[in-house]
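This report refers to the structure that appears directly beneath it.
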Amino acid sequence: DVIVAQTDTSLANPVYKTNGWTVWSSDGSKRLAKEPGWQSGIRSLEVTDDGNSVLAISALGYASISSTDDRHSYGSWRDVSEGIPDLSGFALGGVTGTIHLVNPKGVQVRRWPSNDDRVTAFALSHDGRWLASGGVGASPGAIWDLTNPGRTHVALRGGQGEIESASFSPLDVTFLLATSSEGTLNLWDRETGDLVASVS
C-alpha cells in the first residue's frame, strides 16, 4: 500500500482540515484510510516495518503517531526535528538535541542527549543495531549502539558542515555515507568514527 501526505495551504494560513495523510491501495484504485487534517504542513511520514503505525511530522515540529487504519491516535510530541522507524517503534530527534526512542504507540522507551544542539538526520542499519545521528552542533554527529542505547556510541570525526542525509553500507555496516550542508559526500568508519574519504 502507499501512504501520502496532503498539504493544501501555507504555514501563514493553515487549514487543518485539509492537511492530513491518506493510505491508498498499491494500484491507486482504493482509499484504505485517511487521517483527518489537523497538523500544519506535514513534511515527513514514516511507517513502522509491520505497516501498522505511522509517524507524521509537521513543518512546525509537531509529531503524531497513529494507526495506519486511521482508527487510533496514539502519542504526540512537540519540538521534533527528525524521525525514523526502528525495530521497537520510532527514533525521534528533538530540536534541543535529545534523541527519544518511542514504541509504536508513541510511549517513550529511552532518551539521551546527542552530540548535537539539534538533530536533523538519522540513519538506521539494516539489522537495527546501529543508529547514526547528525545535526547542528559542534560535531558532525555520532553512531549509537542500540543494544545499549544512549551509553555506547562513537563520535564522528572530520568533515565539514551538517549532515543532511545518511546511510549505512548495506551488507556489513562497515561504513556510514552522508551528505553534508557544504555539498560534500563523506564516508566514515562505523567502528572508529574516523573520516575515510570526502568528495566535494
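Every number in this text was worked out from the coordinates using simple rules, so none of it is lab data. As the structure is a computational prediction, the values presented were derived from the model and not from experiment. Cβ atoms come from the backbone with ideal geometry, glycine included; neighbour counts cover every protein chain shown.
Points worth noting:
- Where only C-alpha atoms are counted, convex hull volume of the chain per residue in Å³: 130
- Rounded to the nearest 20 debye, the dipole size of the chain about its Cα centre is 620 debye, using +1 on the Cβ of Lys and Arg and -1 on the Cβ of Asp and Glu.
- Its relative contact order, with pairs defined as Cα atoms under 8 Å and 6+ residues apart, puts the chain at 10 percent.
- Net charge of Cβ neighbours under 13 Å - reference Gly150; Lys, Arg +1; Asp, Glu -1: +2
- Candidates Leu131, Leu92, Thr152 compared by Cα position along the dipole of the chain: farthest toward the positive end lies Leu92, with charges placed on Cβ.
- For the range 72-148: rounded, prolate or oblate by the Cα gyration tensor [a/c cutoff 1.5]: oblate
- Karplus-derived 3J(HN,Hα) values for the range 170-181, using 6.51 cos²θ - 1.76 cosθ + 1.60 with θ = phi - 60°, are x, 8, 10, 6, 7, 10, 10, 9, 9, 9, 10, 5 Hz; glycine and proline are entered as x.
- For Gly135, neighbours were defined as the other residues whose beta-carbon sits under 13 Å from its Cβ, and their charges (Lys and Arg +1, Asp and Glu -1) total -4.
- Net charge of Cβ neighbours under 9 Å - reference Ile99; Lys, Arg +1; Asp, Glu -1: +2
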